[in-house]
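The values are calculated or read from the model by the stated rules, or taken from the named source; none is laboratory data. Remember, predicted model here, so these are calculated numbers, not experimental data. Cβ coordinates were reconstructed from backbone atoms using ideal geometry, including for glycine residues, and neighbour counts include every protein chain displayed. Heads up: the accessible areas ignore ligands, DNA and RNA and are worked out on the full protein's heavy atoms, side chains in. Shrake-Rupley method; radii C 1.70, N 1.55, O 1.52, S 1.80 Å.
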Amino acid sequence: MQNQASVDCVFCRILLGNAPAHVVKQNALAVSLLDINPLAKGHCLVIPRRHVPWWHELSPEENTALFVLAQETAASIMAAYKPDFVAMYARGRRIPHTHIFLVPTAKGDPVDRHFNALEGFQEAIESLAHERDPQVLAETLDRLKSSDSK
Ligand SMILES: [Zn+2]
């Protein structure tokens, strides 16, 4: 596969054993670890072993391994800290190596407020109002269905 480990990538350095990490769980294609700058106690990251910026560029096998490990890690977070649930989102921009955020969250905490603000933003921005129009939604659906890559 392409995407060689990058010496500039902290996650690749961790995976090569060249940087410290608090590994929580691992499987053949993915590793979960504590975020060293947590948004909440128990905040973990799940990373593929291969250096790929975006989760949707991983192979189906890598995505399966990544999301299975995310589920297993979330179960540990739920058992240990008993949040309302474990929020998930994927990044790859600031560190160009796919990383899924697993953040335990409860009503009113910083993560809950962040996503509530994002939803408020989504509904309040005038330039996005056009996107809610039924005709625009129908066109979007047609475009996505006709762009199926398989
Ligand atoms: Zn990397």
- Using only the alpha carbon atoms of the range 1-85, find the Kirkwood hydrodynamic radius as the inverse mean reciprocal pair distance, in angstroms to one decimal. 13.5
- Task: Express the carbon and sulfur contribution to the solvent-accessible surface of the range 1-142 as a percent, rounded to the nearest whole number, probe 1.4 angstrom.
- Result: 57
- Would you please classify the overall shape of the range 95-150 from the alpha carbon gyration tensor, given that a ≥ b ≥ c denote the square roots of the eigenvalues, rounded means a/c under 1.5, and beyond that prolate means a/b larger than b/c while oblate covers the rest? oblate
- Which loop chymotrypsin sites (Phe, Trp or Tyr not before Pro) in the range 17-108, with loop taken from DSSP, have no more than 13 other Cβ atoms within 10 angstrom of their Cβ? 54
- Note on the structure: For the chain the mean separation of alpha carbon contacts under 8 Å (6+ apart) over residue count, i.e. relative contact order in percent, is 20
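Rg to Rh for the range 50-150: what is it, with Cα atoms only and Rh by Kirkwood?
Ratio of gyration radius to Kirkwood radius for the range 50-150: 1.05.
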- Provide the net charge surrounding residue 34, with neighbours chosen by a C-beta distance below 12 Å and charges set as Lys +1, Arg +1, Asp -1, Glu -1. +1
- Applying a 4.7 angstrom Cβ cut-off across the chain, unpaired cysteine residues come out as 44
- Query: For residue 103, what charge total do you get from the other residues with a beta carbon under 11 Å from its beta carbon, if Lys and Arg give +1 and Asp and Glu give -1?
  - Reply: -2
- Item | Solvent exposure of the range 65-150 as accessible area per residue, Å², 1.4 Å probe | 71
- Item | Neighbour net charge for residue 49 - beta-carbon separation under 15 angstrom, K R +1, D E -1 | 0
- Item | In order through the range 100-111: 3J(HN,Hα) via Karplus (6.51 cos²θ - 1.76 cosθ + 1.60), integer Hz, x for Gly, Pro | 8, 8, 10, 10, x, 9, 9, 3, x, 6, x, 5
- Item | Cut-off under 5 Å, modelled amide H: who pairs with residue 52 long-range | 98
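Quick check on the range 43-104: take the gyration tensor over C-alpha atoms, sort the square-rooted eigenvalues as a ≥ b ≥ c, and tell me if it's rounded (a/c under 1.5), prolate or oblate.
Prolate shape, in that a/c is at least 1.5 and a/b is the bigger ratio.
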- Task: Filter the trypsin sites (Lys or Arg not before Pro) in the range 1-96 down to the DSSP loop ones having no more than 12 other Cβ atoms within 10 Å, then list what survives.
- Result: 41, 93, 94
